[in-house]
1. Starting from 0.36 nm per residue, how many nanometres of slack lie between ARG108 and ARG25 once their C-alpha separation is accounted for?
2. Using the Kirkwood radius over Cα pairs, work out the Stokes-Einstein diffusion coefficient for the stretch 60-118 at 10 °C and 1.306 mPa s, in µm²/s as a whole number.
3. Obtain the nm distance between the two label points defined at LEU72 and ALA134 by a simple spin-label model: each point lies 7 Å from its Cα along the Cα-to-C-beta direction.
4. Rolling a 1.4 Å sphere over the protein heavy atoms, what is the accessible area per residue of the stretch 81-149, to the nearest Å²?
5. At a Cα cut-off below 20 Å, give the lysines reachable from LYS149, other chains included and same-chain residues fewer than 8 away excluded.
6. Distances over 18 Å make up what percent of all Cα-Cα pairs in the stretch 31-149?
7. Between ILE144 and ALA101, what length comes free when the chain is fully extended (0.36 nm per residue of separation minus the Cα-Cα distance, one decimal in nm)?
Amino acid sequence: MTRTVKQEAPEPQAVATPLDAPVMRKPFSVRIGATCHEAFNQAAYLARQGYIFSDGPIQVFPNGMAFFDMHLGTPVDYLVERAKETVRIGAEQEEADRQRAIKEEARRIVEEEKQAAAAKQIAALKAENARKIAQIQAEADAAIAALSK
């Protein structure tokens, strides 16, 4: 005779955590105060973490310090559209700059080729003139030799 034994699931065990373990949570708002370079780099990082600039003023001082507040939130739709437009304009400007650089490089290459062709032509003319001068010199030497006899 076979007997079936029903197995019970083990009791879940609580994971022990130290009472002093820090719990990282995002604060709703943060205040940034640093040199402009540091402050705006922090703002870029915080924006990726879900923070947006608060409505308060951004204070920038002549000594290079910047102070502003940010809070968790979603950017307003019209500002998102303006940001997209800014990115589009920036991409168009980069493409225009790239095209301008390509044209300048092409213009420089054409100019170098023209100068190389002109230098080659001048070198050929110099060689031809040197050959003619040598021929005239030989004729003059022969005429002087004929007169000396």
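The values are calculated or read from the model by the stated rules, or taken from the named source; none is laboratory data. Fair warning: this is a prediction, and the values are worked out from it, not measured in the lab. Every residue, glycine among them, receives a Cβ derived from its backbone with ideal geometry; neighbour counts consider all protein chains shown. All accessible areas refer to the heavy atoms of the entire protein, side chains included, with ligands and DNA or RNA removed. Shrake-Rupley method; radii C 1.70, N 1.55, O 1.52, S 1.80 Å.
1. Details: separation 83, 0.36 × 83 = 29.88 nm, distance 5.81 nm.
This chain segment gains 24.1 nm when fully extended.
2. Translational D for this selection: 98 µm²/s.
3. Taking the two extended label points, one gets 9.1 nm.
4. Working: 6190 Å² over 69 residues.
I get 90 Å² per residue for the stretch 81-149.
5. Leaving aside lysines fewer than 8 places away in the same chain, none come within reach of LYS149.
6. 76 percent
7. Full-extension gain reported as 9.2 nm.
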